[in-house]
């Protein structure tokens, strides 16, 4: 059998071999609660502190204390949206988010509507770029928090975050940026970009799953979502996930170190993949043609459905993603693909390929052939 | 079946090599159910001789289980009398496919519905004579 090709790094990243090596350096029998003051506790504290510095370094945060560790980007997004809105509700009860945010941003924002907040979704254009005029109109002096992701995981589009930050700050609001898919892939600099809160995923940096981080600009007030002990400045109570946090830190360091070379390498593979796939009849790129993540290629194919594309590709040894309704838990069409103006039937035929360290340019011809074969096979069955 | 991981072997066989794909020109019965907006659309064509489904073809836009259930329902109906074919249910289709993930059960519903619609269409035409 031919070797498998993994093209769903947006769903789950393999742990970077350097992170595995780093993790193995922890001695057998390693224990230590960072809240204790004896030797083992101090070793654990040190490990968390180093990780904080490394994550801060990746996103250009000058104060490591501005990073808190969480269980992942979903929790970071929840704390950022819910905690910021609730803590600053005196200013107003308006929340603004782009229409294509991840559900872990949209759902806490929708949930806050039950507590009297209003939510306005800022539209995006057909490439998925947030409409800055519409955003400017949506954000008012009563808007407590505006959430616009750095880049989208389904269509790869990178947002003009600095312009977004200017709009939000002009109106005196706070900007939360879900940087899950962007960090480690393109330069993210919270200070240069004017970001007040930024969510990060450990796994998306090449670290383990089940750990994430939230950058909170010093001075920004956030209310805890979970309450318990006072860990992570009271915002993430519970004994720290020391081993995973340490590994996430190392992943952040490695991601930053490898970013220039790896983004250039992946961009070249991505471009030849896009060129090959869009040669196929009625195959279209989704998302922005140039302002997109270097590892991200996303498509739609007319008259066929995404889950069957995914299954057929799997049978050919290739793992890809789809925004198809049939693969979602809710069986609803992707809100991202609908927001960029696709009709429901068009949104069903999507395929997403996200590249990683193991992918090589040599794989592109086999991937393109497999997509051709899959599309041909499914179009032979379709009544449309 | 609730703990089944992924699709059964049988579903994948039918998905990769579906049986009875295509159209019948001037069919005796034609059934179409679903909607591309919902992500599933299937049509079934039947040729009937002496109350028996002599030939049956399908075309489907949809997910893996939509394609596999279409293929399976055509296998189940072929050679059956119309009365027997009308009795084929979504559960029969799912059982023959060695189970479907719970949230996919609506797709197999469609395949049996399309078959029943094709038989109904045949009967309506007969009545009009």
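The values are calculated or read from the model by the stated rules, or taken from the named source; none is laboratory data. Note that the structure is a prediction, hence the values are computed from the model and not measured. Note: ideal-geometry Cβ built from the backbone for every residue, glycine included; neighbour counts use all protein chains shown.
So the values come out like this:
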{"quantity": "Some residue of region A:370-382 being touching a residue at least 12 places away in the same chain (Cβ under 8 Å), on the phi > 0 side of the Ramachandran plot and part of a loop (DSSP other than H, G, I, E, B)", "calculated": "no"}
{"quantity": "Enumeration of residues in region B:17-70 that are over 23 Å from residue A:344 (Cα atoms), outside any strand (DSSP E or B) and touching a helix residue (DSSP H, G or I) at 6+ places or on another chain (Cβ under 6 Å)", "calculated": "B:18, B:19, B:20, B:28, B:51"}
{"quantity": "Those residues of region B:36-48 which are in contact (Cβ under 8 Å) with a residue 60 or more places away in the chain and either within 13 Å of chain A (Cβ to nearest Cβ) or closer than 25 Å to residue A:333 by Cα (or both), in sequence order", "calculated": "B:40, B:42, B:43, B:44, B:45"}
{"quantity": "Number of positions in region A:325-336 that are surrounded by 22 or more Cβ atoms within 10 Å (Cβ to Cβ) and either modelled with pLDDT of 95 or more or more than 7 Å from chain B (Cβ to nearest Cβ) (or both)", "calculated": "3"}
{"quantity": "For residue A:378: the one exception among (1) within 30 Å of residue B:23 (Cβ to Cβ); (2) away from chain B (no Cβ under 12 Å)", "calculated": "(2)"}
{"quantity": "Filter result for the condition that a residue is closer than 30 Å to residue B:63 by Cβ, touching a residue at least 12 places away in the same chain (Cβ under 8 Å) and touching a helix residue (DSSP H, G or I) at 6+ places or on another chain (Cβ under 9 Å), over A:195, A:280, A:274", "calculated": "A:280"}
{"quantity": "Tally, over region A:338-355, of residues that are surrounded by fewer than 18 Cβ atoms within 10 Å (Cβ to Cβ) and either more than 14 Å from chain B (Cβ to nearest Cβ) or farther than 30 Å from residue B:114 by Cβ (or both)", "calculated": "1"}
{"quantity": "Pairs where the first residue, in region B:10-35, is surrounded by fewer than 19 Cβ atoms within 10 Å (Cβ to Cβ) and the second is assigned to a loop (DSSP other than H, G, I, E, B), C-beta under 6 Å, 6+ apart", "calculated": "B:10/B:97; B:10/B:98; B:21/A:381"}
{"quantity": "Unique residue being on the phi > 0 side of the Ramachandran plot and without any contact (Cβ under 8 Å) to a residue 24 or more places away in the chain when the list is B:99, B:129", "calculated": "B:129"}
{"quantity": "Yes/no for residue B:102 being farther than 19 Å from residue A:348 by Cα, at pLDDT below 95 and within 12 Å of another protein chain (Cβ to nearest Cβ)", "calculated": "yes"}
{"quantity": "Elements of type helices (runs of 4 or more DSSP H) contained in region A:60-174, each with 3 or more residues being more than 27 Å from residue A:340 (Cα to Cα) and modelled with pLDDT of 95 or more", "calculated": "A:84-87"}
{"quantity": "Residues of region A:279-323 satisfying the condition of being surrounded by fewer than 22 Cβ atoms within 10 Å (Cβ to Cβ), at negative phi and within 11 Å of chain B (Cβ to nearest Cβ)", "calculated": "A:302, A:314, A:315, A:316"}
